[in-house]
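The values are calculated or read from the model by the stated rules, or taken from the named source; none is laboratory data. These numbers come from a predicted model, not from an experiment. Glycine gets a Cβ as well: all are built from the backbone with ideal geometry, and neighbour counts include every protein chain shown. These accessible areas exclude ligands, DNA and RNA; they are computed on the full protein's heavy atoms, side chains included. Shrake-Rupley method; radii C 1.70, N 1.55, O 1.52, S 1.80 Å.
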Amino acid sequence: MARKTAIKVANLTHTVTSNTGDLTILKGINMEILESESVAIVGSSGSGKSTLLGLLAGLDVNTSGDIHLYDEHFSSQTEETRALIRGQYVGFVFQSFHLLPSLQAIENVMLPAELKGDKQARQKAEVLLEKVGLSHRLTHYPNQLSGGEQQRVAIARAFASNPKILFADEPTGNLDEENGKLIVELLFDLNRSQGTTLVMVTHDNGLAKMCDRQLVMSSGQLTEQSL
Ligand SMILES: Nc1ncnc2c1ncn2[C@@H]1O[C@H](COP(=O)(O)OP(=O)(O)OP(=O)(O)O)[C@@H](O)[C@H]1O
Ligand SMILES: [Mg+2]
């Protein structure tokens, strides 16, 4: 059976207004990612990688062009509709974690599943936190966790809703070698066992090479390249 297209992007541009005038961050991106593919986006700091990931996940609205996730498209949708599409398809690990400060580690991880009405949310969150090596930190609040621990909570949370597509911005950026390996194994486990499509931004060439494909961002333009 032919694999479905998970993500399709056509002529995507993104311009923001800053205090020094308009700045075009993304300059005509085209790409297609198939279901259960793993794709790394690499490129220098400031080239537009996080901006692209945020747009693909529907967290912000692009200036022009089209983004499709499966049969849904984000352009000209309300924030509400984009939230529904995100809920249906997307898990996201942010470069800066975005944990809710007033919730304990376990509550942060439970939240997406709980919002979907999953009665097993707490048990699942416990299992996930154990997998990322944090069973001894379940009831800590984000400000009581180290950067790497917060990163691992954020990863467990992204896994909790069993997303069809997982976007991860520097998933191993704040981790030591041992925990980095653990997270990479988890990511590819999810990819193999659930057919989850993985799209990750990374500065780690070793991790990028483990992905099926490598895309290079350079000044807001994307090219395919094997490392
Ligand atoms: N809302 C905004 N307003 C103005 N400039 C922005 C805005 N968002 C991003 N930029 C600029 O756009 C460029 C691309 O940012 P982006 O965060 O996508 O880079 P990146 O490739 O993820 O970099 P890094 O590897 O450092 O995380 C940067 O120069 C950034 O300063
Ligand atoms: Mg970034």
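Between the helical axis of 177-194 and the longest alpha-carbon principal axis of the chain there is an angle of about 70 degrees. Of the residues Val216, Gln123, Ile41, the one whose Cα sits farthest towards the positive end of the charge dipole of the chain is Gln123 (charges of +1 on Lys and Arg Cβ, -1 on Asp and Glu Cβ, taken about the Cα centre).
So with the 1.4 Å probe, I'd like the accessible area per residue for the chain, rounded to whole Å². Kindly include the intermediate steps, with their values, before the conclusion.
Values: 11180 Å² over 227 residues.
Ligands and nucleic acids excluded, the figure is 49 Å² per residue.
Could you compute the FRET efficiency for Gln120 and Ser193, with r as their C-beta to C-beta distance and R0 at 22 Å, rounded to 0.05? It comes out at approximately 0.75. Within the accessible surface of the chain, defined with a 1.4 Å probe on protein heavy atoms only, the carbon and sulfur portion equals 47 percent.
When shorter helices are ignored and each DSSP H run of at least 4 residues is given -39500 (n - 2.57), the per-residue value for the chain at 222 nm works out to -10500 deg cm²/dmol. Based on every Cα atom in region 113-227, Rg and the maximum pairwise Cα distance Dmax equal 15.2, 46 Å.
What FRET efficiency comes out for Ser44 versus Ser64 if R0 is 30 angstrom and r is the Cβ-Cβ distance? Round to the nearest 0.05. Write down the numbers at each step before the final one.
Values: r = 24 Å, r/R0 = 0.81.
Plugging the Cβ-Cβ distance into 1/(1 + (r/R0)^6) gives 0.80.
Packing order of peptides 147-153, 91-97, 117-123, 186-192, highest average first: 147-153, 91-97, 186-192, 117-123 (average count of other Cβ atoms within 10 Å over each peptide's residues).
Note down the magnitude of the dipole of region 5-224 about its Cα centre, charges +1 on Lys and Arg C-beta and -1 on Asp and Glu C-beta and zero elsewhere, to the nearest 20 debye.
Values: 18 positive and 26 negative charges, 45 e Å.
For region 5-224, the charge dipole is close to 220 debye.
Checking the Cα-Cα distances for Lys8/Lys164; Lys8/Lys209; Lys49/Lys116; Lys116/Lys164 against a 24 Å cut-off, the pairs over it are Lys49/Lys116.
Each of Asp71 and Ser96 was given a label point 7 Å from its Cα along the Cα-to-Cβ line. The distance between the two points is 3.8 nm.
Within the set of other residues whose C-beta is less than 12 Å from the C-beta of Arg152, count the net charge using Lys and Arg as +1 and Asp and Glu as -1. List each step's numbers first, then the result.
Working: positive: Lys131, Arg137, Arg157; negative: Glu130, Glu149, Asp176, Glu178.
The answer is -1.
A simple packing score, the average count of other Cβ atoms within 10 Å per residue, orders the peptides 155-166, 55-66, 215-226 as 155-166, 55-66, 215-226, with the highest score first. Counted over the chain with a bin width of 10 Å, the fraction of Cα pairs per bin, in whole percents, is 8, 33, 36, 20, 3, 0.
Note the angle between two axes, namely the Cα long axis of helix 105-115 and the longest principal axis of the Cα atoms of the chain, as a number of degrees from 0 to 90, rounded to the nearest 10. For helix 105-115, the angle is close to 60 degrees.
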